[in-house]
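**Student:** One structure coming up, written as structure tokens, with questions to follow.
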There are 2 protein chains.
Amino acid sequence: MMKYLIIGGVAGGMSAATRLRRLDEQAEIIILEKGPYVSFANCGLPYYLAGEISERSDLLVKTAAQLTKRFKLDIRQNSEVTAINRTDQSVTVKTAQGTYQEHYDRLILSTGAQPVVPAIEGLDSAQHVYTLRNVPDVDQILAQAKASQKAVVIGAGFIGLEIAEALVNRGLQVTIVERGTHVLPSFDIEMAMFVQRALVQHGVTVLTENAVTAFEAAGQTLVLANGQTLASDLTILAVGVQPATQLANAAGLQLGLRKGLIVNDHYQTSDPLIYAIGDAIIVKQTTTNQDTLISLASPANRQGRQVADVLAGKNRLNRGSLGTAIVRVFEMAGGSTGLNESQLQAAGLTYQVLHLSGKSHAGYFPGAETIWLKLLFQPQTGELFGAQAVGPDGVDKRIDVLATAIKAGLTVDDLPELELSYAPPFGSAKDIINLAGYAAQNLMAGDSQSVQWHELAAAMAAGAQLVDVREPAEHQQGAIPGAINIPLDDLRQRMSELPKSNHYIVSCASGLRSYLAERILKQNGYQVQNLDGAYALYALMQPKD
Amino acid sequence: MMKYLIIGGVAGGMSAATRLRRLDEQAEIIILEKGPYVSFANCGLPYYLAGEISERSDLLVKTAAQLTKRFKLDIRQNSEVTAINRTDQSVTVKTAQGTYQEHYDRLILSTGAQPVVPAIEGLDSAQHVYTLRNVPDVDQILAQAKASQKAVVIGAGFIGLEIAEALVNRGLQVTIVERGTHVLPSFDIEMAMFVQRALVQHGVTVLTENAVTAFEAAGQTLVLANGQTLASDLTILAVGVQPATQLANAAGLQLGLRKGLIVNDHYQTSDPLIYAIGDAIIVKQTTTNQDTLISLASPANRQGRQVADVLAGKNRLNRGSLGTAIVRVFEMAGGSTGLNESQLQAAGLTYQVLHLSGKSHAGYFPGAETIWLKLLFQPQTGELFGAQAVGPDGVDKRIDVLATAIKAGLTVDDLPELELSYAPPFGSAKDIINLAGYAAQNLMAGDSQSVQWHELAAAMAAGAQLVDVREPAEHQQGAIPGAINIPLDDLRQRMSELPKSNHYIVSCASGLRSYLAERILKQNGYQVQNLDGAYALYALMQPKD
Ligand SMILES: Cc1cc2nc3c(=O)[nH]c(=O)nc-3n(C[C@H](O)[C@H](O)[C@H](O)COP(=O)(O)OP(=O)(O)OC[C@H]3O[C@@H](n4cnc5c(N)ncnc54)[C@H](O)[C@@H]3O)c2cc1C
Ligand SMILES: Cc1cc2nc3c(=O)[nH]c(=O)nc-3n(C[C@H](O)[C@H](O)[C@H](O)COP(=O)(O)OP(=O)(O)OC[C@H]3O[C@@H](n4cnc5c(N)ncnc54)[C@H](O)[C@@H]3O)c2cc1C
Ligand SMILES: CC(C)(COP(=O)(O)OP(=O)(O)OC[C@H]1O[C@@H](n2cnc3c(N)ncnc32)[C@H](O)[C@@H]1OP(=O)(O)O)[C@@H](O)C(=O)NCCC(=O)NCCS
Ligand SMILES: CC(C)(COP(=O)(O)OP(=O)(O)OC[C@H]1O[C@@H](n2cnc3c(N)ncnc32)[C@H](O)[C@@H]1OP(=O)(O)O)[C@@H](O)C(=O)NCCC(=O)NCCS
């Protein structure tokens, strides 16, 4: 009879335990969890803080008692493993009652990640500064939120933004301080700006390219890098997470990228009796096959099941991770899958960018919302590298379809072929994903050539003439400086106003009408490019100055 | 300069026209449309009838005037083509002003499909009997609906059900008469029954395995096959559509399956100068490569663009159709992709069935709704054949992901690997699609063996003992006759009550707990199968008798 010890009883650990039991009714399975709860919904914590999840008990997906009974598990909460003693195959467990050793045949580490706590001056003596990882954390934050008016969230990743929204819902005045150029560092800047705009519209103060350099007055005053100070009754540190691998490190297990655990594709660490899964491990990014850390619940759950399969003798391999994530920020959702531009650059991959807007369902059916989609692909082969989408509705569906397409190795040429369900309340006869395939095909065929928003100034400086093909009324409400206005439907008649010797860039509201203009001009012998994302992106990125 | 004639100016035809123009600024493009409108939203008609789309003008996606200007098209409404004169490459056009001939270099047929009008006694002299295909049709139906109290919808396909719902919304008392065993003939019966239940709950009378055999009293009385009569102020014929190919047939073009037009993979008919697309053509079903008819807007739109590409000299092939469809029926959505059981049987393919229920998003987050998913796959290779899903929310997303997976040739083994976006408002750490992959892997590995709802009676008659592992309270509220009740969490203790010589079938509410029971029993040496879909499906299919 095998004796399995599992350290960490939440997403990865408990998934491994239950699957192990399903595959091996006789095994001894012990789960050691340092916190008071197992199997809780980390991902629900911000929503409990917001009051959207009203019952604290709803955060406990399964209680230890339920799991013990159903899966014949030996679950030990408030039991911290303080050492792995590899030579005698045991761990040292610390409890309120004392310390003991527990032997293992196989050990599974699912210790997760822990919030990064930056070394900021005065942090040690600061009060009401929190990180959020578990139920006790949220209890503390909620108690303090009820007694607070001003909150500062340091870090604008997924968790930071979810907490910011939650605190706004609780009536607090919230400021976000982010070191990077934009919120949601895993998104490219222009896509993140849609979300950032929503935050600002909901009264959140967003300070980017800034940082908290010191806590003063026991944490009630925050000093920023630019000298400014902020008053705060409640401060959240949400500057990212790091693999919780101190224990593994102390035991001499091999660590890699950012102290993540190195495992082989059977989840085996450098000690063949010790396996690891979840936020703690390094995985291979599907496209680049490079090492990466992905701190998400789905991979942790999947890996939990897979490691159990491996231990039960099934041939199950870790096939890598794409990295698909989504966040809701007020009425906006932001989703992403695969690689973004900075990751593509870091990997040295050549890529083409495409922005497109479309409707969540048939435009003529009530409630259709605008989705902005960004597609990244290999310009010669059409290989799909990544996608980002933002909008109030239907973002999850598009990202999930594209995540599936990328995982399956489809190319942009396959996107028009996807037969997505269409009835007016659910989609469009040409879904935005099909349209993205069309537009990508046009770029690959050279039928269309695009200029990105950040390339426009240089192109115009080099002499390109910008032509805005929107209606005069639209042009008057705001236009890109230097643009001349010839509405699309007048273009054929007014083409003579455009000397053929010039190079032109066409723009409209979204890029659709300007694409039509591009085709007309190209076929009349003009040198012309389409401004990708058109005025919508320009206006988002270049606010009035 | 090429001269293109396009017959039919809606989904396929107008998509071909606009793309042709984008690829060929000089070509002459004439669209001949017999109706008063081009480019209208056929799919929106039932929602306009319902009042959900309140403006009639919203049905006109693009007007002829807009399209003419933007795409330099020659659009001729109220112009019916009455003959194709292949020898002199012309068509005969009938208008209110008279008849004329128009020459073509290339001809595109996108004549669509037409509602089947069955030969029912008394139909000729019946009044207020309608079919729904275009705007004039809906105008008539709407006018009559406003003056009616009782309506009968003959045929329970997508359009029939949408119309039924629309008429209920307008306050009518609606009866559906369907010849088949269930509504939504393209679904398997048990999945369709979820939708049928919603209809009944909303007051619709659903008469299946029945037919209207005669109209009496000028259409006010409908006589049914079972002798019953129905009073009707408004009767809709919605018994399906057939390719509108009379014109093509008269011109001697080759027809095939159910009088659909035969085209090669460049959309060329048996006359190399004549192309055809949309509802009128026969396509290859992706999985079986067999001929099929698919009357849906997405394929028509896609084919429209593709035929333009072909004509403009691009290498574009018709890669076949999977057939993905969705319908909303009151609060329920029903979606399907790929093949259903009867299609699989007809194609002679061996398949495994799997039913699963799951939540539209994290169960602990407010608003999570139940989705029922049915997966059909090859039991040895795991090849995905088809999927059907029903539920109030998230059905479109799951069907779209599975449609993408099938198109990409993924197997059930790939489903757990799909990295779908997860945050509590959008999904689950293990999406129902991942879970379906898990359950399918278990079936393929023999870790689980299932019995379908329709196999249960025979299995029990052959001596299998049914064990209901739900809680006693659940069991008492309704159980399958002959089942003994041993709650899952007591099973390990009470196993001795089950003689090992017997064969067992386990059941619970959805199939999850009974799967857990199956694993416990199997590992204790029992012969046991899991009732797929469990009591939920049983109760749906075997109403109290
Ligand atoms: C606020 C918040 C919101 C999130 N939202 C999302 C989301 O929307 N979507 C998403 O995909 N992911 C989200 N995540 C991430 C997701 O929760 C994690 O990726 C996932 O839980 C990782 O699983 P794991 O098993 O690796 O680690 P965890 O689930 O964190 O479990 C690790 C456990 O190990 C225990 N442990 C660690 N060291 C020891 C030790 N020495 N002895 C005993 N026990 C130990 C810890 O106490 C912890 O309970 C969120 C996380 C947080 C904190
Ligand atoms: C009520 C209704 C609801 C629908 N709902 C959905 C849905 O939710 N989802 C979905 O995917 N599909 C739906 N469809 C189907 C979808 O509308 C069709 O699949 C699509 O329009 C087919 O495109 P097509 O170009 O082949 O034919 P159509 O769009 O029907 O266009 C054919 C045109 O050709 C014209 N024509 C025919 N013969 C001649 C002639 N001899 N001379 C001149 N003109 C001629 C007709 O007048 C017609 O306007 C629905 C259809 C209807 C009727
Ligand atoms: C809940 C938890 C204990 C895992 O439990 P689990 O039993 O593995 O998962 P589920 O209850 O979803 O059941 C899945 C199993 O049921 C099977 N199943 C589900 N429905 C079924 C059906 N209708 N028929 C047959 N089998 C079915 C699946 O195949 C799977 O079994 P397998 O792994 O042996 O193939 C673990 O995921 C957990 O602790 N979660 C909370 C923590 C967390 O994830 N936090 C981060 C996100 S907030
Ligand atoms: C509307 C209709 C006329 C087609 O018009 P269309 O111009 O082909 O389609 P769209 O307006 O969606 O534009 C799509 C084009 O714009 C391009 N495009 C869209 N957004 C773009 C962007 N941001 N940047 C660049 N190109 C873009 C696409 O690539 C595509 O061009 P391509 O085919 O040359 O590659 C036709 O579909 C129709 O008549 N529809 C109504 C009838 C119908 O479909 N009924 C059934 C369903 S209810």
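**Student:** Shielding of B:408-418 by partners, i.e. mean partner chain Cβ atoms within 10 Å per residue?
**Tutor:** The shielding value for this peptide is 5.
**Student:** Once both labels are modelled 7 Å past Cα along the beta-carbon direction, what's the A:Gln527-B:Ala119 spacing in nm?
**Tutor:** So the label points at A:Gln527 and B:Ala119 sit 7.0 nm apart.
**Student:** In nm, what does the list of distances from A:Asp413 to its counterparts in the other copies look like, shortest first, when each label sits 7 Å along Cα to Cβ?
**Tutor:** 2.7
**Student:** Which order do the peptides B:473-484, B:302-313, A:57-68, A:283-294 come out in when sorted by mean C-beta neighbours inside 10 angstrom, highest first?
**Tutor:** B:302-313, A:283-294, A:57-68, B:473-484
**Student:** From the backbone phi of the stretch A:223-235, what are the Karplus-calculated ³J(HN,Hα) couplings (6.51 cos²θ - 1.76 cosθ + 1.60, θ = phi - 60°) in whole Hz, Gly and Pro given as x?
**Tutor:** Couplings: 9, 9, 4, 8, x, 4, 10, 10, 8, 8, 8, 8, 10 Hz.
**Student:** Can you list, shortest first and in nm, the gaps between the label point of A:Gln77 and those of its counterparts in the other copies, using a point 7 Å from Cα in the C-beta direction?
**Tutor:** 6.8
**Student:** Enumerate the residues in the stretch B:181-211 having an amide nitrogen under 11 Å from the point lying 7 Å beyond the Cα of B:Asn226 toward its Cβ.
**Tutor:** Flagged as within label range: B:206-211.
**Student:** Here is the link list: A:Lys359/B:Lys62; A:Lys407/B:Lys407; A:Lys34/B:Lys359; A:Lys34/A:Lys314; A:Lys359/B:Lys397; A:Lys374/B:Lys359. Which ones come out longer than 20 Å on Cα distance?
**Tutor:** Over 20 Å apart, Cα to Cα: A:Lys34/B:Lys359; A:Lys34/A:Lys314; A:Lys374/B:Lys359.
**Student:** Right, here's the next one. Can you give the average number of partner chain beta-carbon atoms within 10 Å of each beta-carbon in peptide A:296-306, as a whole number?
**Tutor:** Whole-number average of other-chain Cβ neighbours for A:296-306 is 5.
**Student:** In whole Hz, what ³J(HN,Hα) sequence does the stretch B:252-265 give by Karplus (6.51, -1.76, 1.60; θ = phi - 60°), x for Gly and Pro?
**Tutor:** After applying 6.51 cos²θ - 1.76 cosθ + 1.60, I find x, 6, 6, 10, x, 2, 6, 6, x, 6, 8, 10, 7, 6 Hz.
**Student:** Another question, if that's okay. Can you pull the mean other chain C-beta count within 10 Å for peptide B:391-400?
**Tutor:** Numbers: counts 0, 0, 0, 2, 2, 10, 10, 3, 5, 14.
Per-residue shielding by partner chains comes out at 5.
**Student:** Going by Cα centres, the stretch B:364-391 and the stretch A:34-108 are how many Å apart?
**Tutor:** One Cα centre to the other: 32 Å.
**Student:** Could you check the spin-label model distance between B:Tyr100 and B:Lys146? Points 7 Å from the Cα along Cα→Cβ, value in nm.
**Tutor:** According to this spin-label approximation, the distance is 3.7 nm.
**Student:** Further question on the same structure: Of the peptides B:96-107, A:230-241, how do they stack up when ordered by the mean number of other Cβ atoms within 10 Å, highest first?
**Tutor:** Answer by packing, highest mean first, reads A:230-241, B:96-107.
**Student:** Taking each label point as 7 Å beyond Cα in the direction of the beta carbon, state the distances from B:Gln254 to the same residue in the other copies, shortest first, in nm.
**Tutor:** Spelled out, the distances from B:Gln254's label point are 6.2 nm.
**Student:** Hey, what D do you get for the stretch B:450-541 in µm²/s if you plug the Kirkwood alpha-carbon radius into Stokes-Einstein at 37 °C and 0.692 mPa s?
**Tutor:** The calculation lands on 258 µm²/s.
**Student:** Just how far, in whole angstrom, is the stretch B:432-475 from the stretch A:473-545 if you go by their alpha carbon centroids?
**Tutor:** Rounded to whole Å, the Cα centres lie 61 Å apart.
**Student:** How long are the semi-axes of the ellipsoid equivalent to chain A, from square roots of 5 times the Cα gyration tensor eigenvalues, in whole Å, largest first?
**Tutor:** Result for chain A: semi-axes of 48, 28, 20 Å.
**Student:** Using alpha carbons only, how many angstrom separate the centre of the stretch B:342-360 from the centre of the stretch B:202-269?
**Tutor:** Taking the Cα centre of the stretch B:202-269 as reference, the centre of the stretch B:342-360 is 28 Å away.
**Student:** Normalising by the residue count of the stretch A:291-340, find the relative contact order in percent from Cα pairs under 8 Å and 6+ residues apart.
**Tutor:** The normalised contact order for the stretch A:291-340 reaches 25 percent.
**Student:** For Cα pairs less than 8 Å apart in space and 6+ apart in sequence, what is the mean separation divided by the residue count of chain B, i.e. the relative contact order in percent?
**Tutor:** Relative contact order here is 11 percent.
Bear in mind that the values in this text are calculations on the coordinates, not laboratory data. Remember, predicted model here, so these are calculated numbers, not experimental data. Please note: Cβ atoms are built from the backbone with ideal geometry, for glycine as well, and neighbour counts cover all protein chains shown.
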